[in-house]
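*Asks:* The structure is given below, and queries will be raised subsequently.
The values are calculated or read from the model by the stated rules, or taken from the named source; none is laboratory data. Predicted model only: the values in this text are computed from it and were never measured. Ideal geometry is used to build each Cβ from the backbone, glycine not excepted, and the neighbour counts take in all protein chains shown.
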Amino acid sequence: MELSTISSNLLYAAFFIYLAAILFFGATVKDKNSGKASKAGKIGITLTVIGFLSQVGYFFTRWVASAHAPVSNLFEYTTFFGMMLVLAFIVIYSIYRLNILGLFTLPVAVLIIAYASMFPREISPLVPSLQTHWLYIHVTTAALGQAILAVSFAAGLLFLIRQIDQSQKSKHTFWLEFVMYIVFSTLGFIIVSSAFSGFGYQVAFQAPIEGEMTAIEYEMPAIAGPHDGELTSSGKMAPWFDAPVWMRGVDAAQKFNTLIWSLLSGLVLYGAVRLILRKRIAASIQPWLKKANPDIIDEVSYRAVTIGFPIFTLGALIFAMIWAQQAWDRFWGWDPKEVWALITWLFYAAFLHLRLSRGWHGTNSAWLAVGGFAIIMFNLIAVNLVISGLHSYA
Amino acid sequence: MNNKITCECGHVNPEGTELCEACGKPLTPQQPGQDNKNESLLNMRYDGSARRSQTYNRTVIDKIWNFFSSVKVGVWLIVITLTASMLGTIFPQEMYIPPGVNPSVHYEDQYGLAGQIYYQLGLHNLYSSWWYMILIALIGISIVIASIDRFVPLHRTLKNQKPKRHERFMRKQRLFGKSPSADTELLKQQLKKRRFNVREEDGHILAEKGRFARWGPYVNHIGLIIFLLGALLRFVPFMYTDDFVWVREGETKVIPSTEGQYYIKNEDFILETYDEDDPRYKEALQQQGGQVPKNYQTNAVIYERKDDATVGTDPELEVLKETHSKVNQPIKFDGYSLYQASFQQNEFSSMTFNLHDTGNEDNVHGTFTIDLSDPQSEYELEDGYRVVINEYFPEYELEDGAPVSKSKYPKNPAFVFEVHPPGDAEPEVSFAGIGRNIDPTNENDYKLGIEDFEMRDVSGLTVKKDHTLPFLGLGGAIFMIGVMQGMYWNHRRIWIHPKDNEVWVAGHTNKNWYGLKKDMERAFNDTGLSVPEDQQEIKAASEKPRAKEDEHGVKHNQQ
Ligand code: HEM
């Protein structure tokens with residue numbers, strides 16, 4: 001078997017092992033005693049470690065196969081981020097032994113890895129600016145820092161679902177449901193993308209880009225077509241409407257279309273689940289979390305920030321500056337990716353300072369953890385795909 | 001002005017102290033109607049030391065000081081800065097729009113009304129705008145003042161603390177409990193084993209560790225300030241140089257901004273792309289379609305000028321180094337760095353023409369070569385033939401029917417020649433360039449044909465000198481040390497207070513209560529002490545809070 005095949009099989013294995021681990025962590029909510037001796041919890045963490053090792057195997061075999069560390073495009077980076085999230089969870093678990101945290105962190109990791117695999121997965125060569133060991137050093141540390149901060153999000157979400165009063169409607173219940181909806185949209189994106197690429201769906205357009213007629217291909221049925229575009233494949237659904245004029249890039253309209261599919265499919269999934277449950281999603285989960293100790297969860301969420309913040313600073317700002325100085329002759333260039341790393345950093349600095357004062361523990365702190373993760377995801381997804389800059393991988 | 005407060009333990013505290021520096025007794029009177037039970041937990045931030053900002057509020061300076069020392073203000077400044085930073089990423093900054101386009105039309109053109117508003121608000125140059133800089137400066141000021149406001153008194157308090165603590169101090173700690181008796185010898189031993197620093201006074205014990213973690217924020221703030229000052233140094237002229245040079249292959253050029261001291265010769269510019277049949281990357285290369293660059297490189301010689309640079313004389317150059325510049329591998333010498341930033345391929349360097357009879361290419365009257373970077377005005381051929389260059393268009397183009405040159409770079413050279421046959425015959429005019437050869441009269445006896453040409457590449461290199469980098473590096477390093485110091489270590493204290501037939505235990509940490517409880521569990525093992533209860537607990541959604549607490553059911557008592 002070729003090395004690259006072994007590599008992708010190891011990634012598949014890791015993925016399914018994580019799924020199994022989630023089931024076992026899920027089983028721990030029924031344990032009588034939230035205590036440490038839970039059998040399901042032990043199996044859960046063991047599986048997590050095995051899955052992690054399998055993914056480490058994927059990482060290094062791919063490294064050999066591609067002759068550079070596999071952190072050089074969106075698929076590789078995002079997968080690596082998922083792997084670091086699992087590592088961060090294992091580290092935090094080894095301190096606090098909270099099974100329930102696995103039930104929240106691993107699904108995030110699994111979603112992220114599945115999301116990653118929607119992007120081109122071929123082994124690609126490195127352009128000159130990426131040919132440096134600072135690529136590995138910067139990207140891996142930054143991903144680890146973000147991953148630890150993401151554990152703070154998982155704990156924060158757990159805290160909110162556990163603590164928010166579900167007996168009446170409030171801003172809290174609304175935004176919590178909104179978070180749930182975003183999770184479903186991510187899932188929707190993964191399902192829809194895999195389904196259409198499974199069928200090999202393709203539809204082509206001609207549209208003016210920078211004044212020249214250009215061929216554009218969609219891999220999902222076009223709800224929003226390119227602006228002033230003309231359908232050139234026969235027998236395919238015509239777009240319901242055109243993307244707005246200002247979406248000019250070759251891929252802009254297609255990405256917009258994908259976003260619509262994600263949000264719609266998220267709506268369908270969310271709606272279906274709510275119909276079945278006949279309750280807010282968070283309200284349905286809440287009873288399962290009774291045993292979780294809110295004090296400890298609050299502390300874990302904060303602790304993850306205190307551990308992750310220095311690492312994030314080192315990787316995403318300091319190492320990034322060293323690399324930028326070498327590659328582009330300036331350590332800082334106000335490129336969108338850089339600015340969003342700065343925003344993330346400022347946000348968590350604000351978090352840490354607020355946490356020093358009254359009123360910013362518990363619920364407020366948990367919301368901040370959710371907000372921080374939203375910024376990290378924005379930098380990973382929107383800035384890469386929408387606001388492109390030098391760093392744009394895709 | 002200085003109203004010192006003398007505590008019942010005898011320690012003299014500065015005005016504004018909340019908890020006695022030595023014994024921890026709350027120095028502000030107890031609220032009426034509050035018995036000891038309901039009094040909320042002590043606010044342990046800065047250990048209740050007297051901060052200037054909390055003590056004086058009389059003069060304008062006091063007010064400014066108090067404003068900047070507030071964490072609330074600091075957080076607002078940070079939040080405003082991060083929000084502003086977001087706005088700057090909506091559309092590209094001016095430096096990322098295509099070179100040469102006019103921003104006042106570009107933004108409207110590309111992004112419509114939103115783009116126009118963006119431009120008019122100045123968001124296209126946000127990060128160098130005066131107000132963004134002021135925001136950063138305010139954060140810097142705030143950091144300095146807030147740190148001084150707290151550092152000095154906190155230092156005083158932590159230096160003065162005594163093992164013997166006031167009862168009210170003990171009781172109002174977040175971790176507080178009572179045990180019937182204790183084996184203090186074993187306890188001290190076990191505390192020391194857990195790397196606590198143990199002090200004793202009349203049977204009262206203070207076990208403390210990680211105090212240096214308290215200085216973490218101050219260290220990291222110093223790092224930030226050094227970094228910001230380093231960034232400010234860029235505006236000092238000799239600290240920072242940023243220039244650019246184009247060098248053609250074979251050409252030797254003075255490096256700008258080096259005061260004529262250094263020269264560079266471009267030996268060769270190399271552009272490599274990935275082999276599309278490389279089995280490793282085949283699939284991806286096919287997907288991306290087109291060539292993926294693998295290497296941009298300029299092989300160069302750096303010279304140093306040895307004579308005193310008098311104008312007009314040819315420089316006396318000495319080879320400093322023969323080297324290359326690649327992306328990620330700049331050439332470095334004497335504090336300067338040359339970065340491979342840009343290139344142009346296939347510029348013409350020379351063209352060779354032959355003069356022959358119109359209609360008979362074999363009857364050649366001579367051949368001449370024009371060095372395109374230094375064309376002569378006249379070329380003497382055999383048998384008395386001469387060719388004069390009437391006009392030279394390095395980058396020829398027809399504009400409104402008239403020939404013009406788009407630039408001075410020989411990318412598409414064309415000439416208007418005057419051909420002088422031997423004797424006194426009238427010269428003929430002809431036009432020759434790549435792919436065109438025009439006889440304006442259609443009566444010429446001679447024709448100029450291109451026999452050969454040579455091409456070369458041009459390397460674009462940025463020239464940088466940046467003496468601010470060491471300061472930025474230092475600031476970054478100090479920041480990292482400070483932030484790790486404050487985040488990866490915690491200041492943990494355990495107080496043991498014998499009282500009648502009981503032993504009281506209290507504990508405090510600035511972070512990581514879980515870790516402190518674990519420490520206690522292990523240190524108290526077999527000593528008869530039990531780990532105290534946590535007096536601050538978050539209530540679950542279903543349970544109604546018992547005491548009156550703030551809106552999220554948390555009683556506060558950090559730091
Ligand atoms: C982006 C800028 C800043 C960064 C990265 C930063 C970083 C930090 C960090 C990491 C801590 C430690 C927090 C903890 O231990 O939980 C801290 C503490 C602190 N910061 Fe900042 N800070 C910044 C700006 C400011 C500003 C503008 C102020 C002004 C009010 C400020 C005032 C403080 C104070 C008072 C503390 C607590 C000190 C102590 O506990 O002894 N910081 N800062």
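*Asks:* Of the residues in the range A:339-360, how many are more than 7 Å from every other protein chain (Cβ to nearest Cβ) and part of a loop (DSSP other than H, G, I, E, B)?
*Replies:* 1
*Asks:* Return only the number of the condition from (1) within 24 Å of the chain's Cα centre (by Cα); (2) at positive phi; (3) in contact (Cβ under 8 Å) with a residue 40 or more places away in the chain that B:V144 does not satisfy.
*Replies:* Result: B:V144 passes all but (2).
*Asks:* Can you confirm whether the range A:96-112 contains a residue that is surrounded by fewer than 21 Cβ atoms within 10 Å (Cβ to Cβ), closer than 29 Å to A:A327 by Cα and within 14 Å of chain B (Cβ to nearest Cβ)?
*Replies:* Among the residues of the range A:96-112, not one is surrounded by fewer than 21 Cβ atoms within 10 Å (Cβ to Cβ), closer than 29 Å to A:A327 by Cα and within 14 Å of chain B (Cβ to nearest Cβ), which makes the answer no.
*Asks:* State which residue is surrounded by the fewest Cβ atoms within 10 Å (Cβ to Cβ) when the search covers only the range B:465-492 and only residues that are of a type in the set (G, A, S) and within 15 Å of the ligand (Cβ to nearest atom).
*Replies:* Once the filter is applied, the top-ranked residue is B:A477.
*Asks:* Here is a follow-up. Within the range B:36-75, can you find the residues that are among the aromatic types (F, W, Y) and either touching a Ser or Thr at 6+ places or on another chain (Cβ under 9 Å) or under 22 Å from B:T509 (Cα atoms) (or both)?
*Replies:* Hits for the range B:36-75 are B:Y46, B:W65, B:F67, B:F68.
*Asks:* Look at A:W323 and say whether it is part of a helix (DSSP H, G or I), more than 9 Å from every other protein chain (Cβ to nearest Cβ) and hydrophobic (A, V, I, L, M, F, W, C).
*Replies:* no
*Asks:* For the range B:212-241, give me each residue that is more than 12 Å from the ligand (Cβ to nearest atom) and touching a helix residue (DSSP H, G or I) at 6+ places or on another chain (Cβ under 6 Å).
*Replies:* Of everything in the range B:212-241, those that are more than 12 Å from the ligand (Cβ to nearest atom) and touching a helix residue (DSSP H, G or I) at 6+ places or on another chain (Cβ under 6 Å) turn out to be B:I226, B:G230, B:L233, B:M239, B:Y240.
Here is a yes/no grid of residues against (1) modelled with pLDDT of 90 or more; (2) surrounded by fewer than 18 Cβ atoms within 10 Å (Cβ to Cβ); (3) in contact with a Lys or Arg (Cβ under 7 Å, 6 or more places away or on another chain); (4) closer than 30 Å to B:V144 by Cα:
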site: B:I226; (1), (2), (3), (4): yes, no, no, yes
site: B:V236; (1), (2), (3), (4): no, yes, no, yes
site: B:Y240; (1), (2), (3), (4): no, yes, yes, yes
site: B:G250; (1), (2), (3), (4): no, yes, yes, no
site: B:Q261; (1), (2), (3), (4): no, yes, yes, no
site: B:Y274; (1), (2), (3), (4): no, no, yes, no
site: B:E283; (1), (2), (3), (4): no, yes, no, no
site: B:Q287; (1), (2), (3), (4): no, yes, no, no
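*Asks:* For the list (1) closer than 25 Å to A:S194 by Cβ; (2) within 14 Å of chain B (Cβ to nearest Cβ); (3) in a helix (DSSP H, G or I), I need the number of the one condition that A:S124 fails.
*Replies:* Of the numbered conditions (1) closer than 25 Å to A:S194 by Cβ; (2) within 14 Å of chain B (Cβ to nearest Cβ); (3) in a helix (DSSP H, G or I), the odd one out for A:S124 is (3).
*Asks:* A follow-up question, please. If the Cβ limit is 8 Å and pairs must be 6+ apart or interchain, which residue in the range B:203-226 that is within 12 Å of another protein chain (Cβ to nearest Cβ) and over 12 Å from B:M480 (Cβ atoms) pairs with which residue that is more than 16 Å from the ligand (Cβ to nearest atom) and among the acidic types (D, E)?
*Replies:* none
*Asks:* Scan the range B:62-87 and report the pairs whose first residue is within 10 Å of B:S142 (Cβ to Cβ) and within 7 Å of another protein chain (Cβ to nearest Cβ) and whose second residue is charged (D, E, K, R) and more than 7 Å from the ligand (Cβ to nearest atom), with Cβ atoms within less than 6 Å and a gap of 6+ or a chain change.
*Replies:* Final answer for the pair search is none.
*Asks:* From (1) modelled with pLDDT under 95; (2) over 27 Å from B:H221 (Cβ atoms); (3) more than 9 Å from every other protein chain (Cβ to nearest Cβ), pick out the condition that doesn't hold for A:N379.
*Replies:* (2)
Conditions (1) within 14 Å of the ligand (Cβ to nearest atom); (2) on the phi < 0 side of the Ramachandran plot; (3) crowded, with 23+ Cβ neighbours inside 10 Å, marked per residue:
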position	(1), (2), (3)
A:P287	no, yes, no
A:K290	no, yes, no
A:A304	yes, yes, yes
A:V339	no, yes, yes
A:H353	yes, yes, no
A:G359	no, no, no
A:W367	no, yes, no
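*Asks:* Can you confirm whether A:T363 is at the interface with chain B (Cβ under 7 Å from one of its Cβ atoms), away from the ligand (no atom under 13 Å from the Cβ) and of a type in the set (V, I, T)?
*Replies:* Spelling it out, A:T363 is indeed at the interface with chain B (Cβ under 7 Å from one of its Cβ atoms), away from the ligand (no atom under 13 Å from the Cβ) and of a type in the set (V, I, T).
*Asks:* Cβ-Cβ under 7 Å, sequence separation 6+ or interchain: first residue in the range A:300-312 and assigned by TED's automatic domain parsing to the domain that holds A:L368 and more than 23 Å from A:E338 (Cα to Cα), partner at pLDDT below 95 and within 11 Å of the ligand (Cβ to nearest atom). Which pairs?
*Replies:* A:Y302/A:R355; A:R303/B:N512
*Asks:* Further question on the same structure: Of all residues in the range B:149-160, which are within 11 Å of the ligand (Cβ to nearest atom) and either surrounded by fewer than 16 Cβ atoms within 10 Å (Cβ to Cβ) or not in a helix (DSSP H, G or I) (or both)?
*Replies:* Answer for the range B:149-160, where residues must be within 11 Å of the ligand (Cβ to nearest atom) and either surrounded by fewer than 16 Cβ atoms within 10 Å (Cβ to Cβ) or not in a helix (DSSP H, G or I) (or both): just B:H155.
*Asks:* Hey, another quick one. Mind checking which strands (runs of 3 or more DSSP E) fall wholly inside the range B:362-451 and carry at least 3 residues that are within 30 Å of B:G100 (Cβ to Cβ) and of a type outside the set (S, T, N, Q)?
*Replies:* In the range B:362-451, B:386-393, B:396-399, B:402-405, B:414-420 are the strands (runs of 3 or more DSSP E) which contain 3 or more residues that are within 30 Å of B:G100 (Cβ to Cβ) and of a type outside the set (S, T, N, Q).
*Asks:* Could you please tell me which pairs satisfy a Cβ distance under 7 Å, a separation of 6+ or placement on different chains, a first residue in the range B:465-480 that is touching a residue at least 60 places away in the same chain (Cβ under 8 Å), and a second residue that is of a type in the set (D, E, K, R)?
*Replies:* Going by the 7 Å Cβ cut-off, the qualifying pairs are B:T468/B:R234.
*Asks:* Also, quick follow-up: Please go through the range B:44-89 and pick out each residue that is among the polar types (S, T, N, Q) and within 13 Å of the ligand (Cβ to nearest atom).
*Replies:* B:S49, B:S53, B:Q54, B:N66, B:S69, B:S70, B:T81, B:S85
*Asks:* Quick check on my filter: what residues within the range A:264-320 are within 30 Å of A:I223 (Cα to Cα), assigned to a helix (DSSP H, G or I) and of a type in the set (D, E, K, R)?
*Replies:* Scanning the range A:264-320 gives a single hit, A:R274.
*Asks:* Quick check on the range B:315-331. Is at least one of its residues part of a loop (DSSP other than H, G, I, E, B), over 29 Å from B:D466 (Cβ atoms) and of a type in the set (A, V, I, L, M, F, W, C)?
*Replies:* no
*Asks:* Sort out which residues of the range A:52-81 are under 14 Å from the mean Cα position of the chain (by Cα) and either without any contact (Cβ under 8 Å) to a residue 60 or more places away in the chain or within 14 Å of chain B (Cβ to nearest Cβ) (or both), and write them in order of number.
*Replies:* Correct list: A:L74, A:F75, A:E76.
*Asks:* Another question about this same structure. Return yes when A:I343 is modelled with pLDDT of 90 or more and either touching a Ser or Thr at 6+ places or on another chain (Cβ under 8 Å) or within 14 Å of the ligand (Cβ to nearest atom) (or both) and no when it is not.
*Replies:* yes
*Asks:* How many residues does the range B:163-195 contain that are surrounded by fewer than 17 Cβ atoms within 10 Å (Cβ to Cβ) and of a type outside the set (D, E, K, R)?
*Replies:* 4
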